[in-house]
1. Please specify each residue of segment B:1-24 satisfying the condition of being within 13 Å of chain A (Cβ to nearest Cβ) and under 19 Å from the mean Cα position of the chain (by Cα).
2. Which one of B:GLU284, B:GLU291, B:GLU255 is in contact with a strand residue (DSSP E or B) (Cβ under 8 Å, 6 or more places away or on another chain) and among the acidic types (Asp, Glu)?
3. Given the conditions (1) at pLDDT 85 or above; (2) in a loop (DSSP other than H, G, I, E, B); (3) crowded, with 24+ Cβ neighbours inside 10 Å; (4) of a type outside the set (A, V, I, L, M, F, W, C), and given that A:SER84 satisfies all but one, which numbered condition is not satisfied?
4. Filter segment A:186-243 down to residues that are modelled with pLDDT of 90 or more, buried (at least 18 other Cβ atoms within 10 Å of the Cβ) and not aliphatic (A, V, I, L, M), then give me how many there are.
5. I need a count of the residues in segment A:29-56 that are part of a helix (DSSP H, G or I), more than 9 Å from chain B (Cβ to nearest Cβ) and surrounded by fewer than 24 Cβ atoms within 10 Å (Cβ to Cβ).
6. Given the criterion part of a helix (DSSP H, G or I) and under 30 Å from B:LYS191 (Cα atoms), identify the matching residue among B:VAL258, B:VAL294, B:VAL324.
7. When you go through (1) among the small types (Gly, Ala, Ser); (2) within 9 Å of chain B (Cβ to nearest Cβ); (3) farther than 22 Å from A:PRO38 by Cα one by one for A:GLY282, which number turns out not to apply?
8. Take B:LEU281 and tell me if it is farther than 19 Å from A:SER279 by Cα, surrounded by 14 or more Cβ atoms within 10 Å (Cβ to Cβ) and touching a Leu at 6+ places or on another chain (Cβ under 6 Å).
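The values are calculated or read from the model by the stated rules, or taken from the named source; none is laboratory data. All figures in this text were calculated on a predicted structure; none of them were measured in a lab. Positions of Cβ are generated from backbone atoms using ideal geometry, with glycine treated the same way; all protein chains shown enter the neighbour counts.
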2 protein chains.
Amino acid sequence: MQLAKELLSGNRLALSRLLTQVENDTPEGRSALIEIFPHTGKAHIIGVTGGPGTGKSTLVNQLGLCFRKHKNPKVAIVAVDPSSPFTGGAVLGDRVRMRDLAGDEGIFIRSMASRGSLGGLARATAGLVQVFDAAGFEIILIETVGAGQAEVDVARLAHTTLVVEAPGLGDEIQANKAGLMEIADILVVNKADRPGVENTLKALKSALELAHPVRHVFQHHGQVEVVEAPDQAEESSWIPPILKTIATDGSGVSELIVEIYRHKENMRESGDWAARERSRLGSELDAMLQEALVFGFREKIPASHYEHVLDKIIQRKLAPRDAVKTLLNGGSK
Amino acid sequence: MQLAKELLSGNRLALSRLLTQVENDTPEGRSALIEIFPHTGKAHIIGVTGGPGTGKSTLVNQLGLCFRKHKNPKVAIVAVDPSSPFTGGAVLGDRVRMRDLAGDEGIFIRSMASRGSLGGLARATAGLVQVFDAAGFEIILIETVGAGQAEVDVARLAHTTLVVEAPGLGDEIQANKAGLMEIADILVVNKADRPGVENTLKALKSALELAHPVRHVFQHHGQVEVVEAPDQAEESSWIPPILKTIATDGSGVSELIVEIYRHKENMRESGDWAARERSRLGSELDAMLQEALVFGFREKIPASHYEHVLDKIIQRKLAPRDAVKTLLNGGSK
């Protein structure tokens with residue numbers, strides 16, 4: 001309770017402590033989340049996803065610095081690492097990044113490794129985002145590594161999703177991009193000074209056309225121009241633009257921020273912002289409901305009964321689906 | 001029912017049809033899974049995971065062919081692609097692979113894109129594995145793309161997990177490997193004819209030491225030798241070996257198969273096989289229980305009540321955790 005109050009008054013130490021409570025899902029963290037919830041809903045949540053080797057972390061650092069320069073908002077970075085389910089691989093990266101961004105009180109970085117289950121990871125991330133939101137951070141960057149379901153789940157938390165690519169990461173990566181195209185609001189080709197950048201742009205353009213078949217994307221002289229089929233113009237007013245950046249020297253990052261603000265504006269006007277809020281909070285409600293239902297059920301049945309049923313499955317005397325019926329009916333088949 | 005009987009009698013068309021039913025989670029698929037369940041539990045389930053660009057699919061093809069040559073078992077390959085959550089990216093790869101393995105009736109390949117949620121993906125994969133197991137496939141290779149939670153979930157389905165790496169995929173990949181080290185039973189450096197192979201071996205060795213701090217791994221003259229700390233020798237008798245392969249010409253694949261059989265033998269002797277069966281089937285039971293609980297609950301509450309509660313959350317008048325209490329109590333706060 002005290003921690004929540006101190007957070008709302010801008011105490012940085014309280015912020016740090018509360019993030020830990022929420023990440024560890026403690027009773028204090030849970031009740032603080034309830035208390036601060038009325039103060040959330042103001043931040044622009046931006047997901048940044050892409051495979052290893054795309055220079056995504058450097059780009060996120062640069063975005064943080066550049067956002068600060070533009071309109072001076074408080075910026076939070078949540079780095080989610082679903083590929084370290086057991087040990088804290090994220091912590092090392094955290095220290096490296098601190099060095100880049102040190103000295104700016106307006107930027108706060110938090111890393112998080114996976115919490116055992118993917119559902120747990122998305123839920124913990126949602127909690128951290130709420131803490132930052134209530135603490136007055138206007139820009140919240142969520143960074144994820146990889147190209148799997150975790151990214152899709154994290155994208156569900158964001159208002160704007162950036163998908164980052166880089167030249168020369170192999171053909172297989174290109175082939176696996178169809179799913180990412182459908183969550184991308186903005187596509188970024190980072191390391192754009194590397195050879196092969198034109199091929200990457202071409203591959204992204206094709207993947208984008210595959211994901212949005214009625215739209216037409218053209219590229220002229222390094223600039224990407226998007227032309228919509230006229231009869232589909234009403235359906236959605238946003239076509240994911242493709243931008244080039246070189247995060248190591250900051251090239252293209254200002255232009256990227258302009259696109260991010262443009263996407264926000266577009267969402268506000270089209271009603272997409274409200275739709276995403278509904279879907280975001282609906283997912284969070286569903287995840288909590290599911291957790292509560294499973295917890296409540298486990299409390300009701302004796303562990304020995306559960307183990308007995310599992311024994312029958314292992315002996316192939318009972319199929320898992322029949323076992324579920326047995327357990328739900330409270331019987332002891 | 002008929003389909004299940006035909007499957008058990010070795011009908012290949014019935015196999016194909018049942019796989020589709022199970023993947024689509026139809027009522028027919030569900031009841032067939034119950035019927036065939038007593039005939040499962042014989043297959044050796046091998047998970048193969050690793051990032052994009054490691055040549056994992058080619059390696060899995062070679063493993064299939066090589067297993068066939070060694071002891072002539074029926075081999076199934078289940079290619080799971082969690083990075084294509086919306087569109088069927090896996091299908092294209094399927095066709096390419098069919099060409100390599102065509103003409104051998106003893107190999108069956110099935111690809112599967114993500115099923116909306118990661119839990120759904122793991123459950124559908126478990127179902128396909130049971131169908132192959134009941135149909136007499138003694139070796140079932142499950143291949144996953146990426147390095148995230150999906151891989152960990154799929155590893156839970158396997159008796160033996162191979163983690164595949166390749167030289168020259170960038171530093172970030174190396175840094176993200178701690179989690180994978182803990183699920184790996186065998187480490188494979190594929191594309192071992194490429195430059196940088198010694199660096200990859202060194203990085204894997206370090207990551208392995210980090211994941212298993214009490215064990216000591218040494219590498220001499222290209223061969224990897226593992227020395228265990230004496231006081232820890234009782235705890236687990238298996239140290240993940242590191243092997244080099246060149247899947248494109250088959251180099252090292254026979255040696256890899258020898259290690260896979262050695263791991264199986266070791267698990268049988270140590271009791272690990274039984275422990276993994278328990279954990280495998282326990283996870284499956286839990287996932288089905290959770291699904292049944294959520295489904296049962298949704299049936300009970302009117303959609304309008306749920307939407308009303310969600311509205312309150314969006315207006316920040318009710319925190320998600322309080323909303324769960326409201327819904328579970330059947331009240332209408």
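1. Across segment B:1-24, the qualifying residue is only B:VAL22.
2. B:GLU255
3. Status for A:SER84: all satisfied but (1).
4. Residues meeting the conditions: 4.
5. Going through segment A:29-56 one residue at a time, the tally reaches 1.
6. Just a single option satisfies the conditions, and that option is B:VAL258.
7. (3)
8. Spelling it out, it is not the case that B:LEU281 is farther than 19 Å from A:SER279 by Cα, surrounded by 14 or more Cβ atoms within 10 Å (Cβ to Cβ) and touching a Leu at 6+ places or on another chain (Cβ under 6 Å).
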